[in-house]
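Below: one structure, written as structure tokens.
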Amino acid sequence: LDIFYPQYGFAIEVQGIQHEKYHEFFHGGDPNNFIKQQTRDQLKKGLCEENWIALRYVWYYEDPYIVIPEHLRELGLIKL
């Protein structure tokens, strides 16, 4: 988890392009590393669900200054 607030049961993962599709640089030239990346991402998602942690994502093409406050509002953690 990139950002984790256990007291609020909330976590953020910043997702680069390597989480969405195979990228030679990030996956060391091995497409199997992309599959491993996806497996780790699913494991992390499942562990958060099992532990009642609201996991939200900020994708590489999104503005974190917009998306993170939206997630916090959605979860009732801030009012704006």
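Of all residues in the stretch 59-71, how many are in contact (Cβ under 8 Å) with a residue 40 or more places away in the chain and more than 20 Å from H27 (Cα to Cα)? Lay out the reasoning, then the answer.
First, pick out the residues of the stretch 59-71 that are in contact (Cβ under 8 Å) with a residue 40 or more places away in the chain: 59-60, 64, 68, 71.
Still in the list and also more than 20 Å from H27 (Cα to Cα): 64, 68, 71.
So the count comes out to 3.
Per the conditions (1) free of Cβ contacts under 8 Å to residues at least 40 places away in the same chain; (2) under 23 Å from V67 (Cα atoms), the sole criterion not satisfied by I12 is (1).
Residues that are at pLDDT 95 or above, surrounded by 15 or more Cβ atoms within 10 Å (Cβ to Cβ) and not aromatic (F, W, Y), at least 3 per element: which strands (runs of 3 or more DSSP E) completely within the chain meet that? Full working, then the answer.
On the way: elements: 3-5, 10-15, 54-59.
Here the list reads 10-15, 54-59.
The values are calculated or read from the model by the stated rules, or taken from the named source; none is laboratory data. What you see is a predicted model; the values in this text were computed from it and never measured. For neighbour counting, all protein chains shown are included, and Cβ atoms are generated from backbone atoms with ideal geometry for every residue, glycine included.
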